[in-house]
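Novice: First, the structure itself, so that you have it in front of you.
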Amino acid sequence: MATTTLMRRSDESRSVRSGVLTMAASNQYSAQQNKGANVILKTNQLRVYYGNQLTIKNVSASFLENRVTALIGPSGCGKSTFLRSLNRMNDEIPGCRVEGEIIYRGINLNDPQANVFDIRKRIGMVFQRPNPFAKSIFENVAFGPKHHGVKNKQLLEEIVEKSLRKAALWDEVKDRLHRSALALSGGQQQRLCIARALAMEPDVLLLDEPASALDPVSTGKVEELIGELKKDYTVVIVTHNMQQAARISDYTAFFYMGEIVEFGETTQIFTNPQKQQTEDYITGNFG
Ligand SMILES: Nc1ncnc2c1ncn2[C@@H]1O[C@H](COP(=O)(O)OP(=O)(O)O)[C@@H](O)[C@H]1O
Ligand SMILES: [Mg+2]
C-alpha cells in the first residue's frame, strides 16, 4: 500500500493521518464538497515561491476520490505551479520552493522524508504538449514498469495492453506496437502519454491542459477518456477552456493571482457563482 512505501516511518504516517481528519473537518472546501466520496489529496496552506516571488499564496484545497476537479483561471494565475506541486514536480525547477502540506491518503508529501519516486508513481502527470519518448509505442508504455523492476516479458505485454485499452488507444495501435510513437498523431500521442502514466498504476492523475494542443476530434476523445478514467482514478485537470471544464469536471476551482477565489461543484460555479470575480471570469467580463 502507498502509505508504507511513501514514508519510511509508519508511526509518523498514522499520526499524520489522524491530523488530517481534524483538518478535513475544518476545511471550508471539503465541507462543501464531500458528499460521500473520500478526500484523497489535499493541500494545507500551500505556498510556492520562485526565488523570492510568492506565486501560490496559502492555498488549501481538497480533491475527492474518483472525481474530476478542474483548475481554471487566467494565464499566469498559478494553475500549473499548483498542479506541479501536487506530485513534487516543482522539485525539478531550480529556485522553486514549496511550503505547507500536501496530504495524500494521510501522508504529507512535502515532508523531506517522502519518497519522490513513489509519489510520482502514485500521482502521475500528463503535460500540455504530448511528449512521447523517441521509442516504440510498446516501449513508451513499458518504460515506467521496466524502470521499476518489471522484467517478465508476458507481464509487460499485459501491462502495455491494459494501459493502452484504458487510454482508449489499443484498437488504433495494436497492429503497430513496435513502430515509433513519434509517427502517431498528436491526439494519439497524448493518449499514449496517458497510457504511459496509467502503466504505473497510479491513484491520481494530474493533467495540465492535456487537450490544448489537439484538434477538436482528438480533444473530444481525450475528454471522453477522462470521463471513463474517473471510475478508477482521481483526476485533477488544468484547463483554460471553460466549456471543457463545464463538460468534464465534477468540481471546479477558480484561481486568480495565486489564490483560489472560489471552489465548488462545477454546476454551481458555472450557473451560480458566489464571488463577483468568478462571475466576471466565466462571463468573459474580466479585467
Ligand atoms: N520556472 C519558473 N520560474 C519563474 N517563474 C515562473 C516559472 N514558472 C512559472 N512562473 C511564474 O509563476 C506564475 C504562475 O505561472 P503558471 O503556474 O505557469 O500559471 P498558469 O499555469 O496559470 O498559466 C507566472 O507569473 C509565471 O511567470
Ligand atoms: Mg499553465
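The values are calculated or read from the model by the stated rules, or taken from the named source; none is laboratory data. Keep in mind it's a predicted model, so treat the numbers as computed, not measured. FYI the Cβ positions are ideal-geometry reconstructions off the backbone, even for glycines, and counts take in every protein chain you see.
Novice: Which of (1) away from ligand 1 (no atom under 16 Å from the Cβ); (2) not in a loop (DSSP other than H, G, I, E, B) does residue 252 not meet, given it meets every other one?
Specialist: Among (1) away from ligand 1 (no atom under 16 Å from the Cβ); (2) not in a loop (DSSP other than H, G, I, E, B), the lone unmet condition for residue 252 is (1).
Novice: Give the residues of segment 117-128 that are more than 11 Å from the chain's Cα centre (by Cα) and either within 26 Å of residue 188 (Cα to Cα) or assigned to a strand (DSSP E or B) (or both), sorted by residue number. Give the steps one after another, and end with the answer.
Specialist: Going through segment 117-128, the residues more than 11 Å from the chain's Cα centre (by Cα) turn out to be 117-119, 121, 128.
Scanning segment 117-128 gives 121, 128.
Novice: Would a scan of segment 109-116 turn up a residue that is in a strand (DSSP E or B), within 19 Å of the chain's Cα centre (by Cα) and either within 16 Å of ligand 1 (Cβ to nearest atom) or within 29 Å of residue 52 (Cβ to Cβ) (or both)? Lay out the reasoning, then the answer.
Specialist: To start, the set of residues in segment 109-116 that are in a strand (DSSP E or B) comprises none.
No, segment 109-116 has no match at all.
Conditions tested, residue by residue: (1) within 16 Å of ligand 2 (Cβ to nearest atom); (2) modelled with pLDDT under 95; (3) aromatic (Phe, Trp, Tyr).
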| position | (1), (2), (3) |
| --- | --- |
| 77 | yes, no, no |
| 93 | yes, no, no |
| 100 | no, no, no |
| 111 | no, no, no |
| 121 | no, yes, no |
| 132 | no, no, no |
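Let's see how each residue does on (1) within 16 Å of ligand 1 (Cβ to nearest atom); (2) under 27 Å from residue 146 (Cβ atoms); (3) surrounded by fewer than 24 Cβ atoms within 10 Å (Cβ to Cβ); (4) of a type in the set (A, V, I, L, M):
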residue: 194; (1), (2), (3), (4): no, yes, no, yes
residue: 218; (1), (2), (3), (4): no, no, yes, no
residue: 241; (1), (2), (3), (4): yes, no, yes, no
residue: 276; (1), (2), (3), (4): no, no, yes, no
residue: 279; (1), (2), (3), (4): no, no, yes, no
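Novice: What number of residues within segment 146-156 are of a type in the set (D, E, K, R) and in contact (Cβ under 8 Å) with a residue 12 or more places away in the chain? Steps first, please.
Specialist: Looking only at segment 146-156, we keep the residues that are of a type in the set (D, E, K, R), and these are 146, 151, 153.
Then keep just the ones that are in contact (Cβ under 8 Å) with a residue 12 or more places away in the chain; that gives none.
Counting residues in segment 146-156 that are of a type in the set (D, E, K, R) and in contact (Cβ under 8 Å) with a residue 12 or more places away in the chain gives 0.
Novice: Still on this structure, please answer the following. Since residue 56 meets every condition but one in (1) among the β-branched types (Val, Ile, Thr); (2) away from ligand 2 (no atom under 16 Å from the Cβ); (3) closer than 24 Å to residue 270 by Cα, which condition does it not meet?
Specialist: Looking at each condition in turn, residue 56 falls short on (2).
Novice: So, of the residues in segment 79-95 that are small (Gly, Ala, Ser) and assigned to a helix (DSSP H, G or I), which turns out to be farthest from residue 237 (Cα to Cα)? Step through it out loud before you land on a result.
Specialist: Taking segment 79-95 as the starting set, the residues that turn out to be small (Gly, Ala, Ser) are 80, 85, 95.
Filter once more, so that each one left must be assigned to a helix (DSSP H, G or I): 80, 85.
On the way: 80: 10, 85: 13 Å.
Filtering first and then ranking leaves 85.
Novice: Condition (residue is in a strand (DSSP E or B), modelled with pLDDT of 95 or more and surrounded by fewer than 18 Cβ atoms within 10 Å (Cβ to Cβ)) applied to segment 260-274: is it met by at least one residue?
Specialist: At the first step, the residues of segment 260-274 found to be in a strand (DSSP E or B) are 260-265.
Cutting the leftovers down to modelled with pLDDT of 95 or more gives us 260-265.
In the following step, the residues that additionally are surrounded by fewer than 18 Cβ atoms within 10 Å (Cβ to Cβ) were identified as 265.
For segment 260-274, residues in a strand (DSSP E or B), modelled with pLDDT of 95 or more and surrounded by fewer than 18 Cβ atoms within 10 Å (Cβ to Cβ): present.
Novice: Among the listed residues 165, 129, 122, which satisfies the condition of being touching a residue at least 24 places away in the same chain (Cβ under 8 Å), more than 16 Å from ligand 1 (Cβ to nearest atom) and within 28 Å of residue 41 (Cα to Cα)? First the steps, then the outcome.
Specialist: Numbers: 165 fails: touching a residue at least 24 places away in the same chain (Cβ under 8 Å); 129 fails: more than 16 Å from ligand 1 (Cβ to nearest atom).
Within the list 165, 129, 122, the selection yields 122.
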